[in-house]
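Colleague: Pasting a structure here, questions to come.
The values are calculated or read from the model by the stated rules, or taken from the named source; none is laboratory data. It should be emphasised that the depicted structure is a prediction, and the values quoted were computed from it without experimental measurement. Methodologically, a virtual Cβ is constructed for each residue, glycine included, from the backbone with ideal geometry; neighbour enumeration extends over all protein chains shown.
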Amino acid sequence: MFGLGFQEILLILVILFLLFGVKKLPEIGKGLGETMREIGRIRNDRKAGKEEEKEGQKGNVISDIKKEVKKIPGLKEVKEVKEAADKIKSITKILK
C-alpha cells in the first residue's frame, strides 16, 4: 500500500484508537474510505478526459489534412480522369 508494513499500520491504528476512541473509529474509517473512492473517481475521470482529448486532436489533424488535400489544384480533374480510365477498363473486360 503506501510502503507501510503490518507493524506500521498496527501502530497507526493503536494511535487512532487512543486519540479518538472506539466510537469514532468507524466514522473515521467510513470517511477515509469515501475520500479514497472520490480521489480514485477523480483520477479516472481526468484520465478518461485526457484520452478523449488526445482522440479529438487526432480527429482534428485528419480533418485538417483532408481539407488541405481537397485544396490541391487539379485534384478534381485527376479524379475524373481516373474514373474514366476505370470505366474503359471495365468495358474492355466485358468485351474480351
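Colleague: In the list I28, I9, I42, I62, which residue meets the criterion of being in a helix (DSSP H, G or I), among the aliphatic types (A, V, I, L, M) and under 16 Å from the mean Cα position of the chain (by Cα)?
Modeller: Values: I28 fails: under 16 Å from the mean Cα position of the chain (by Cα); I9 fails: under 16 Å from the mean Cα position of the chain (by Cα); I62 fails: under 16 Å from the mean Cα position of the chain (by Cα).
When all the criteria are applied, what remains is I42.
Colleague: Further question: The conditions are (1) in a loop (DSSP other than H, G, I, E, B); (2) among the basic types (K, R); (3) surrounded by 10 or more Cβ atoms within 10 Å (Cβ to Cβ), and K79 fails exactly one of them. Which is it?
Modeller: (1)
Colleague: Can you list residue pairs whose Cβ atoms sit under 9 Å apart, with the first residue in the range 4-16 being under 12 Å from I28 (Cβ atoms) and the second being modelled with pLDDT under 85? Count only pairs 6 or more apart in sequence or on different chains.
Modeller: What qualifies is I12/L4; L13/L25; L16/K24; L16/L25; L16/I28.
Colleague: Moving on. If you go through the range 12-25 one residue at a time, how many are surrounded by 10 or more Cβ atoms within 10 Å (Cβ to Cβ) and either hydroxyl-bearing (S, T, Y) or not in a helix (DSSP H, G or I) (or both)?
Modeller: 1
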